[in-house]
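Below is one structure, written out as structure tokens; the observations come after it.
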Amino acid sequence: MATASKISKVKIPTSGNTRQKWGTHGVDLSRVSAGKHEPGRFGVYGGRYVPETLMAALEELEREYEKAKRDRKFQARLDLLLKTYAGRPTPLFFARRLTEKLGGAKIYLKREDLLHTGAHKINNCLGQGLLVERMGKHRVIAETGAGQHGVATATVCALLGFECVVYMGTEDMRRQELNVFRMRLLGAEVRGVNSGSRTLKDAINEAMRDWVTNVRTTHYLLGSVLGAHPYPTMVRDFHRVIGREARAQILKAEGKLPAAIIACVGGGSNSIGIFYDFIKDKKVRLIGVEAGGRGEALGDHAARFRGGSPGVLQGTYSYVLQDSAGQIALTHSVSAGLDYPSIGPEHAALRDAGRAEYLPASDAEALEATTLLARTEGIIPALESAHAVAEVIKQAPKMKKSDIVIVNVSGRGDKDVGILRESLKLD
Amino acid sequence: MPLTFYKKPALVAYVTCGDPDLATTREIVLAAIEAGADAIELGVPFSDPVADGPVIQRASERALKRGTSLGQVLTLAAEIREQAQSTGLIVFSYLNPILRMGLDKFCKVARAAGVDGVLVTDLPVEEAGAYLRAMREHDLSPIFLAAPTSPDDRLRRIAAASQGFVYAVSRTGVTGQRQQLAEDARKLVTRLRRVTKLPVALGFGISTPEQFAEVGEFADAVVVGSAIVETIERNRGREAAAVGEFVKRLSAVSGQPSAVAR
């Protein structure tokens, strides 16, 4: 054994090493920030930033998804489940009393809250569930914030016979207690995550660690348009049905397109789902609503476009709330589903391109909007969706009476009664 | 010329910088070098270490509570370089702190500090174009991970993009100790040998002299991380001495000089 200290033992060569051939083996090593469209890139955003262990699984998932997309049988089976199991199509409802009260644009509500399990999340879970079957895996893991994605995942796993583990921050378990019980009732194991802010971001970290470990047998059923390629594209595609239906429904009801569409944006799955089929209709304003939380300081909100900057978190390049050293910031929102420091990469691209706008709604505004919608239309929205309602309260009065605005009610508020009770003090 | 290990297996020691504080990290690293570590991985703490197990997660949290940043880690690297001119120094980081500093600035400062190589946990070769250009421009060696799940065509790309050595991940999973080393590890090293002449360092889950010796039979170098970080955690107040003793026990089974050097 070498006992002399500081002996020259290792010499790492530098680029004088001529043996090294860059970009050999037909690999293009200059892809990053190319800016041109390529799978998994939305402008400069997106990509696939994960530990090497996961790369093969992501490539497999991408291949299987591409095949499934072109497979009529797969699509027919998914459509049938969406119709007979999830309850699609969801209604587009004219909110007459809310419209009158606000005195401006005609307000329509896209009722994703009426879906089985209570939110839009089931669209994606059924799609990925059928992919899991195709790939022959039997174990499914997921993260959840508000618990809606966890419940939808547990539901699909029960339906298709998969083992299911859901990671959830312990702070979220506390505030979304009812959904924790629902998941357990459905046969899923809920694993509490105690690191960081004990919310959605930390649940994703833990799910990724599980996946890295069990990648050969396990599918990670990611619940938003986040993470490494192909997730942002695949999850969007499974939610496109929202916008496709809404477009046909509004044309049938009103004979014209809406002036604006408003949806809340956590990771951004319900919003991209309803936006997507309207992107080419340049006159339709697309408005995403982020969690404004309790203030503008870093740590008091989850408005990525107000305080964030481009960075890489959990597999994708997008806007991220971070400090000057690149550490990810803590976030706050009354709504667990919006309480996340990054945003889907396609939203970052839509925002940079000026095609969609993103505005914050505060905790207080969301709570107020919940009460208003409950009392004018008899609909209790999820606290996430209430952020979108809060924005229509600001927008509708400024719009012409002949204008139409569609609000995506992405989920129902049953899960939030505990928080609402504490906050609203009605009893 | 390619990376030369003068003994086999060479020992690469990982520390999370700033745990318990940067001054102690410096002492720990110097003690590890004194005890026989051939190269040092300077771990940059990150708020969301998805590839790390509980030991390095806890160390990262402690380091971040003290405000440890990438800039400070590079300053530390320069201090260590003054004391240890010929030990390999590798920065081990997640991508975001590097992006935030700026690729070019990072490479420039790292090179000036005397850093030799960089390993970015969440940067696969496909996404590494700009990174590789910056590394090359500043004379730094990019080191990539190879996993048991990587098919052969990926191993070829990884080897082509790597300089210095290839870091083989012993098994699927996060960093941290394991009772048994997976058969995965041996298979992966064998597969890598077919596609590259670069030395192969094996890491993840190696914590005992016995495992070190076992792995040393087929790998050129062994990375020990969580076991060192845990030694630091368990020996408050005498971290450097404890790590020195631990590294000595490991390098007792290494140290067969250069007859087997590649």
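Spin-label model, A:Leu178 to B:Glu210: label points 7 Å out along the Cα-to-beta-carbon direction sit 5.4 nm apart. Each residue in B:Glu239, A:Glu66, A:Glu112, B:Glu79 was given a count of other beta-carbon atoms within 10 angstrom of its own, and listing them fewest first yields A:Glu66, B:Glu79, B:Glu239, A:Glu112.
For the ranges A:96-102, B:185-191, A:123-129, what's the packing order if you count other beta-carbon atoms within 10 Å of each residue, average per peptide, and put the highest first?
Values: A:96-102: 16.6, B:185-191: 18.3, A:123-129: 26.3.
Most protected by this proxy first, the peptides run A:123-129, B:185-191, A:96-102.
The HN-Hα couplings worked out from phi for segment B:22-37 by the Karplus form 6.51 cos²θ - 1.76 cosθ + 1.60 (θ = phi - 60°) are 5, 4, 5, 4, 4, 4, 4, 5, 5, 5, 5, 5, 4, 7, x, 5 Hz, whole numbers, x standing for Gly and Pro. Amide H to amide H, with H built 1.01 Å from N, A:Val320 comes under 5 Å of A:Ser309, A:Gly311, counting only residues 5 or more places away or on other chains.
Close amide H partners of B:Phe144, meaning residues 5 or more places away or on another chain with modelled amide H under 5 Å apart, are B:Gln163, B:Tyr167. Among the cysteines of chain A, those with no neighbouring cysteine Cβ under 4.7 Å are A:Cys125, A:Cys264.
Given in Å, the Rg to one decimal and the Dmax to the nearest whole number for the Cα atoms of segment B:147-262 are 15.0, 48. In a fully extended conformation the segment linking A:Phe94 and A:Asp71 would gain 4.7 nm over its present Cα-Cα distance, using 0.36 nm per residue. At a Förster distance of 56 Å, what's the computed FRET efficiency of A:Lys83 paired with B:Ala78, Cβ-Cβ distance as r, to 0.05? After rounding, the FRET efficiency stands at 0.30.
Annotation: amide H-H contacts under 5 Å for A:Arg285 (H modelled 1.01 Å from N, sequence separation of 5 or more, or interchain): A:Ala260, A:Ile261.
If you take all C-alpha pairs in segment B:7-254, what percent of them are over 32 Å apart? Summing the P(r) of segment B:7-254 above 32 Å gives 12 percent of all pairs. If R0 is taken as 22 Å, the Cβ-Cβ distance between B:Arg193 and A:Glu59 corresponds to a FRET efficiency of 0.40.
Please report A:His387, A:His347 as a ranked list, fewest other C-beta atoms within 10 angstrom at the top and most at the bottom.
On the way: A:His387 35, A:His347 29.
Arranged by neighbour count, lowest to highest, A:His387, A:His347 become A:His347, A:His387.
Shielding of peptide A:42-54 by partners, expressed as the average count of other chain Cβ atoms within 10 Å per residue Cβ, is 6. The order of A:Tyr358, B:Tyr167, going from fewest to most other C-beta atoms within 10 Å of their C-beta, is A:Tyr358, B:Tyr167. Note on B:Lys108: lysines with a C-alpha under 20 Å away, same-chain residues under 8 apart excluded, are A:Lys11.
Between the helical axis of A:383-395 and the longest alpha-carbon principal axis of chain A there is an angle of about 60 degrees. Determine the shape class of segment B:97-150: with a ≥ b ≥ c the square roots of the Cα gyration tensor eigenvalues, call it rounded for a/c under 1.5, and otherwise prolate if a/b is greater than b/c, oblate otherwise. Taking the square roots of the gyration eigenvalues as a ≥ b ≥ c, segment B:97-150 is prolate.
Given their separation in residues at 0.36 nm each and the Cα-Cα distance between them, B:Glu61 and B:Arg234 gain 60.7 nm when the chain is fully extended. Across peptide B:36-45, the mean count of Cβ atoms from other chains lying within 10 Å of each residue's own Cβ comes to 2.
Mean per-residue shielding of peptide A:325-332 is 6, counting Cβ atoms of other chains within 10 Å of each Cβ. Rounded to the nearest whole Hz, the Karplus-based 3J(HN,Hα) values (6.51 cos²θ - 1.76 cosθ + 1.60, θ = phi - 60°) of segment A:193-210 follow the sequence 10, 9, 8, x, 8, 6, 10, 3, 4, 6, 5, 5, 3, 5, 4, 5, 5, 4, with x at glycine and proline.
Coordinate range of the alpha-carbon atoms in segment B:65-201 per principal axis, descending: 39, 34, 29 Å.
What ranking, highest mean first, results for peptides A:397-404, A:275-282 when packing means the other Cβ atoms within 10 Å averaged over each residue? Spell out each step's value before the answer.
Details: A:397-404: 13.9, A:275-282: 17.0.
Packing order, densest peptide first, comes out as A:275-282, A:397-404.
With the highest mean first, a sort of the peptides A:139-148, B:21-30 on other beta-carbon atoms found within 10 angstrom per residue produces A:139-148, B:21-30. In this Cβ point-charge picture (+1 for Lys and Arg, -1 for Asp and Glu), the protein assembly as shown has a dipole of about 1720 debye about its Cα centre.
The phi-based Karplus calculation (6.51 cos²θ - 1.76 cosθ + 1.60; θ = phi - 60°) puts the 3J(HN,Hα) values of segment B:165-171 at 7, 9, 9, 8, 7, 5, 7 Hz, whole numbers, x for Gly and Pro. Normalised by 2.2 N^0.38 Å, where N is the number of residues, the C-alpha radius of gyration of chain A stands at 1.01.
Rule-based calculations on the coordinates, nothing more; no lab input. A quick note: this is a predicted structure, and the numbers were derived from the prediction, not measured. Ideal geometry is used to build each Cβ from the backbone, glycine not excepted, and the neighbour counts take in all protein chains shown.
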